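None of the figures in this text is laboratory data; all of them are computed from the coordinates on show. Since this is a predicted model, take the numbers as computed values, not measurements. So basically every Cβ, Gly included, is an ideal-geometry build from the backbone, and we count neighbours across all protein chains shown.
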């Protein structure tokens with residue numbers, strides 16, 4: 001049995017919250033800030049120093065310093081108490097502090113203009129190639145979704161288009177769009193990343209045929225595909241998938257989602273995911289996908305829920321091509337939520353048993 005009073009005394013609630021990266025400001029006899037457990041646009045997180053407690057009026061979580069650290073780490077109350085009593089740091093090394101989140105990588109104005117012009121050029125080309133539109137349809141992506149997400153096809157003619165628009169081909173070369181006289185993305189479906197206004201900020205190209213790599217990315221820092229789009233503004237839960245076509249499937253289903261570029265989540269990606277209260281991990285059902293899910297779950301703690309794809313589906317796009325795929329995926333999300341709720345209920349019961 002751990003001395004809870006001693007743990008509370010050794011870890012003052014306000015100092016602990018600040019050490020986790022939450023900025024607190026005085027408000028009468030209490031301190032307020034933005035809750036670290038959900039997307040808190042208005043400060044709804046309150047620290048009561050007199051009672052050594054905290055409460056969020058947005059997500060209704062609350063408790064003492066042990067509860068705070070337990071929720072931050074995604075660990076049980078008793079385990080957290082043991083760790084704090086042993087003098088372990090509030091945040092393990094693999095958890096990103098909110099205050100040290102790196103700024104989003106952003107291209108300069110000239111590069112962004114080239115990316116936007118490239119995406120617009122490829123959008124127009126897609127309308128001319130029925131076979132490419134048929135391929136998208138075969139993958140479960142109708143033209144309405146393709147237009148909404150500004151998908152395109154790189155059919156050539158980019159250099160001429162850039163010059164006619166007064167943009168510099170050397171900037172395009174620096175981004176990896178052209179190499180000498182060759183346009184690097186020719187023959188690829190172009191999937192852009194968009195900001196909240198719908199402007200293209202990055203892109204990747206998916207090959208339709210040939211011996212080259214399946215995906216070719218812009219020579220710029222890879223984003224968390226979809227995180228900045230208007231469909232995610234204000235949402236508290238997000239699904240993480242592994243690739244662009246899995247993400248397109250989620251968008252077609254109107255499921256808030258982001259896509260990793262690869263299976264390894266960088267520090268920047270983990271920082272972005274910590275902005276969501278709940279993160280559903282729906283990576284590919286293979287070894288790399290499982291390892292990627294484990295890495296993210298370890299870093300995000302209790303907010304990360306691993307989703308088990310229905311048997312026979314390797315990834316979300318493959319599931320989307322099956323009859324009833326959307327309903328099956330929504331059931332998988334509900335099952336993941338149920339497992340989380342059962343885990344928290346078990347933790348609460350353990351605390352009640354200990355206090356009895």
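Residue 334 to residue 290: extension gain in nm, 0.36 nm per residue of separation minus the Cα-Cα distance?
Extra length from residue 334 to residue 290 when fully extended: 13.9 nm.
FRET efficiency for residue 173 and residue 341, Cβ-Cβ distance as r, R0 = 45 Å, nearest 0.05? Efficiency computed from Cβ-Cβ geometry: 0.30. What do you get for the angle between helix 325-355 and the principal long axis of the chain? Use alpha-carbon atoms, 0 to 90 degrees, nearest ten. Result, in degrees: 20.
Projected over all directions and averaged, the alpha-carbon convex hull of the stretch 174-270 occupies 7.1 nm².
With the Cα gyration tensor of the stretch 230-344 giving a ≥ b ≥ c as the square roots of its eigenvalues, does the rule (a/c under 1.5 for rounded; else a/b larger than b/c for prolate; else oblate) give rounded, prolate or oblate?
Here the stretch 230-344 falls in the rounded category.
R0 = 45 Å: FRET efficiency of residue 327 with residue 267, Cβ-based, nearest 0.05?
Efficiency computed from Cβ-Cβ geometry: 0.80.
Taking 25 °C and 0.890 mPa s as the conditions, I'd like the Stokes-Einstein D for the chain in µm²/s, using the Kirkwood hydrodynamic radius from alpha carbon pairs. Calculated translational D: 110 µm²/s. The C-alpha atoms of the chain define a longest principal axis, and helix 287-300 lies at about 40 degrees to it.
Comparing 302, 62, 205 in a Gaussian network model of the chain (Cα springs below 10 Å), the most mobile by mean-square fluctuation is 62. Mean silhouette area of the stretch 109-217, derived from the convex hull of its C-alpha atoms and averaged over all directions, reads 6.8 nm². Under a 10 Å cutoff between Cα atoms, tell me which one of 42, 67, 284 has the largest fluctuation in the Gaussian network model of the chain. Per the Cα network of the chain with a 10 Å cutoff, 42 tops the list.
Full extension of the chain between residue 10 and residue 41 yields a length gain of 8.0 nm, computed as 0.36 nm times the residue separation minus the alpha carbon distance. When the chain is treated as a GNM with alpha-carbon contacts under 10 Å, the residue of 152, 174, 289 showing the greatest mean-square fluctuation is 174.
Calculated [222 nm] ellipticity per residue, helices only, for the chain: -12000 deg cm²/dmol; basis is -39500 (n - 2.57) per DSSP H run with n ≥ 4, divided by all residues, nearest 500.
Between the helical axis of 109-126 and the longest alpha-carbon principal axis of the chain there is an angle of about 60 degrees. The alpha carbon centroids of the stretch 109-181 and the stretch 242-256 are separated by 20 Å. Modelled label positions at residue 60 and residue 236, each set 7 Å beyond Cα in the direction of Cβ, lie 0.9 nm from each other. Length, then width, then depth: along the principal axes, the Cα atoms of the stretch 4-100 run 34, 29, 22 Å.
Approximating the spin labels as points 7 Å out from Cα along Cα→Cβ, the residue 30-to-residue 199 distance works out to 4.0 nm. Note on the stretch 269-287 and the stretch 19-53: Cα centroid distance 25 Å, given to the nearest whole angstrom.
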